[in-house]
Every structure is written in C-alpha cells, then in structure tokens.
Amino acid sequence: MGLSKALRWGGFGALVLLAGCGGMDDGGAPEDSFGPGRSDAEVTAPADAVEAAPTLTLHDGHQVQATPPVAPLPVQFQPGFHQALRESTAVGSFTTYRMKVPVGRAGSRVRVTFRSGDGGLTLQRATVAKAGAGGALASTPVALTFGGNAGFTTGTRTLVTSDPVSFPVAFGDEVAISFEVKGALGQSRIQAFPDSWMRTGAYATAQGALGGQAWEFATGVATLDVEGTPGRAFVTIGDSITEGYMDTRNDTRNAWSFLVQKQLGVPVVNSGASGQGFWDANLQLPQEVLPLKGVTDCIVLLGVNDLAAEGMTVPKLQQRMTQLLDQLQPMCRLWVSTLLPKEKMGSEGGDVALMMAQRHEFNAWIRGLTRADVIDLESVMHPPGNVDLFLEGLEQDGIHPNAAGHRLMANEVVRVLKAKGGL
C-alpha cells in the first residue's frame, strides 16, 4: 500500500503503533511474551482471533500493522420518565400543554410517547427543551416528528411514539415537553407536576413563560425514553402510595420511587395510579407497563385497596398478584413489597378488623415468595409491637405515608436493592 493510501487510512493508528513499538513493560524479559525459544513470527493466532488489520507503509518505507478502529459502545432506548395516565381530559380547540418532567437517565437522543384519552386525539406540533422556571424554556425547543410528520391523529386510548431526535440530556435534568392538541388526552389521577402549564392556542415553540394556567396533572405524556449506554432500569407498579399522593397538591419528586432513583443514579420510573387494585392493574398492564422498552426490574407495591373489598379473600389476592407477576416475569426481574400499615378504611368503608387480618395473612404470603425478591417495607414503617400502626411522624392520614415516610421507604428499598441486586 502506498504512502497516500496509508495516510488516508488514518495516521492516528500509525502514530499509536509507533509510540508503542517497544511493547508494554510487564516486568518480564522481552522473549517471555512468546514463550521460550519462540519469536513473534512463530506465534499462531487462535482461530477466533480478531481479523488482522491492514498493513500501513510509513514515509520511510517501514511497514506496520494498524490497530483496527474501536467498535462504538452499544446504545439502547430505556425509559427516563414514565407516568400512568388512568384518567381522561379533553379540549375542543387546539391547546398547548407544557409538562415539566424530571429525567432519570443520560443519553444523546430522546423519544416521547403520548397517550390519548377516552376519545380521539389530534396533535399538530410538539417540542422538547430543557425546562426553565415559571414555564419558560432554558434551551431552544427541538421539534418532535411522528413517522416524519409534525403531528398525528389517533383513536381512543392509544400510544403514539415520536421518532428519535437528537437532544442530549443528563441524569437529573428537567425537561419541558410542549405540545399542541385537541381532543381527549390521558391524564394522571393526582396533581404531582408543579410548574407545568396549559394555554389555549398554539405555543409549542414559545421560549418564554407559557402563561395560561397552571396544570399539574401529568397529561398526554406517558413516557420519555432516552438512548444511551444500557444499564439497569426499574419501573414501580402500585397505587396512590406509589404515585406519590400525600395531599391535594403533590410533587412526583417526593415519591419514594423518585427518591430511589435519585439515590441509585438509575431510572426508577413511576407507574403508580391512585385507587388502583389488582384487577385494574392487570387490565392496564399491556398499555402502561409492558410497552416500556429496556426495563430490567419491576417493583410491585400493591393490594392495600383490595383489602376487605366486597367478595375479596386472601386466596383471591394471591391469585391476582400471581397473574400480575406472570405478565411481568418475561419482561423483568421481580421485586415485591409487603403492604404498609393501614390504620383505617378509606372512603370506600369496610370492616377494619377484616382488613387488618387480610393484610397480615397476605404479607405472610408475600414473605414466602420465591419467584420474586421481597422488600419488607412494613417492617420499617410500624412501631415495635403493633404492625397495624405507622411509626409516629411517618403518615399523612392513617393510610398514606407523608414525605418523611416516603424517604424512609426509599432508604429501605435502596438498602435491599443494593444487598440483593448488585447495585
């Protein structure tokens, strides 16, 4: 090969070899690299060795063999944000929503999945940008496309995912997803996304504060996937305790799943839905959890809303949990938590003594599971000698943990995941 061709192949590889032509000093004699009495010319490469690189001719006529180009690291889309959208809201004319969401994964490209509500949905334009304060954007908005188009029209309760777009994000970034829609959109059951907004009209590309009105329900945006180096990615499945309900106004960043994400530095996305029991969790799983790509682990904290419900028995609870785990097992490693103390019945009413007895029996069954790793959150949330009460200072209303309770739950989840999960 001539000089010009060698230079075109790449001078970097030749420079590396010239710099290293003396070999790496490992403390032994040079001949030890090839064994007694053998030269480098006599060494035979194994059958599965890397294919030899081309020979380069340098300016002095000396020939060297160049190092093959290093293969790029693998990349994969995994969820950096997710929220169950169990309710439905509708707007009759084009309206801009700007959702401010935290991102639990770093990468160079993103894609966004939207979910319609109880009716058709038309999205005419959507953008993604770094989020500023007060509904403003902290970076130039980047347009999303859908099969190469600026928008889409879809039917009832469907998921539509955008094309991947170059948009680097770091772990912990806050992202603003702005979109102009009319029709029915999926929506979360609680307000937990402060500094999110809605305004009548088309303002997806506006960089200043959106204005309009505060709108703190997760709306329309089901998932934000981030393309980056593959790693662990968790999804949490549960009810209001997992969604992060504490009061009429909430923040998903205070929920135990987000606090686990913050401590571990890996995505732990939230598929909790207030009021959820096993029946609707199994029903919604194919739209809310199973479509997630790249999830490695699933954490289930579910069942408290089923206790003492009409016709409910512990064997039925066990059967429905088994059905849920059967659906999840092909997708992820299973983690199951015991149910937290529940001091009273909720608005649904019911037999408190029966509720407590069923919880005791169901928790004992969970602790005996072998198909899943058990996280015993009950054990850290009750005072000594009474498993039916919360530790003082950890509950909001006798049913839901407060912010301190969520922090304690997160600490215990992290402890168990590190001990059993190799994190």
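The values are calculated or read from the model by the stated rules, or taken from the named source; none is laboratory data. Treat the numbers as computed from the prediction; the structure is a model and nothing was measured. Note that each Cβ is placed from the backbone with ideal geometry, even for glycine, and that neighbours are counted across all protein chains shown.
Values computed for the structure shown
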| quantity | calculated |
| --- | --- |
| Residue in the range 344-379 that is farthest from M321 (Cα to Cα), counting only those that are surrounded by fewer than 17 Cβ atoms within 10 Å (Cβ to Cβ) and in contact with a strand residue (DSSP E or B) (Cβ under 8 Å, 6 or more places away or on another chain) | D376 |
| Scan of the range 154-188 for residues that are in a loop (DSSP other than H, G, I, E, B) and of a type outside the set (G, A, S), ordered by number | T156, R157, T158, D163, P164, F171, D173 |
| The range 199-223, subset within 21 Å of R109 (Cα to Cα) and of a type outside the set (S, T, N, Q), residue nearest to the chain's Cα centre (by Cα) | A222 |
| Those residues of the range 334-392 which are under 25 Å from the mean Cα position of the chain (by Cα) and polar (S, T, N, Q), in sequence order | S337, T338 |
| Only listed residue being in contact with a Pro (Cβ under 9 Å, 6 or more places away or on another chain) and within 30 Å of L290 (Cβ to Cβ), chosen from L340, L394 | L340 |
| Any hit, the range 163-175, residues being over 26 Å from Q76 (Cβ atoms), buried (at least 20 other Cβ atoms within 10 Å of the Cβ) and not charged (D, E, K, R) | no |
| Residue list for the range 261-288, filter: more than 23 Å from M345 (Cβ to Cβ), surrounded by 23 or more Cβ atoms within 10 Å (Cβ to Cβ) and in contact with a helix residue (DSSP H, G or I) (Cβ under 8 Å, 6 or more places away or on another chain) | P267, V268, V269, N270, S271 |
| Filter result for the condition that a residue is surrounded by fewer than 20 Cβ atoms within 10 Å (Cβ to Cβ), in contact (Cβ under 8 Å) with a residue 12 or more places away in the chain and either assigned by TED's automatic domain parsing to the domain that holds Y203 or assigned to a loop (DSSP other than H, G, I, E, B) (or both), over F114, F94 | F94 |
| Test: residue in the range 406-413 that is in the same structural domain as Q276 (by TED's automatic domain parsing), of a type outside the set (A, V, I, L, M), under 30 Å from V266 (Cα atoms) and modelled with pLDDT under 95 | no |
| Residues satisfying the stated conditions in the range 392-404, i.e. free of Cβ contacts under 8 Å to residues at least 40 places away in the same chain and either small (G, A, S) or surrounded by fewer than 16 Cβ atoms within 10 Å (Cβ to Cβ) (or both) | E392, G393, D397, A404 |
| Count of residues meeting criterion [outside any loop (DSSP other than H, G, I, E, B) and of a type in the set (F, W, Y)] in the range 189-233 | 2 |
| Residue ID - farthest from F171 (Cα to Cα), chosen from residues in the range 281-309 that are without any contact (Cβ under 8 Å) to a residue 60 or more places away in the chain and assigned to a helix (DSSP H, G or I) | D306 |
| Residue check for R320: in contact with a helix residue (DSSP H, G or I) (Cβ under 7 Å, 6 or more places away or on another chain), in the same structural domain as L264 (by TED's automatic domain parsing) and loosely packed, with under 13 Cβ neighbours inside 10 Å | no |
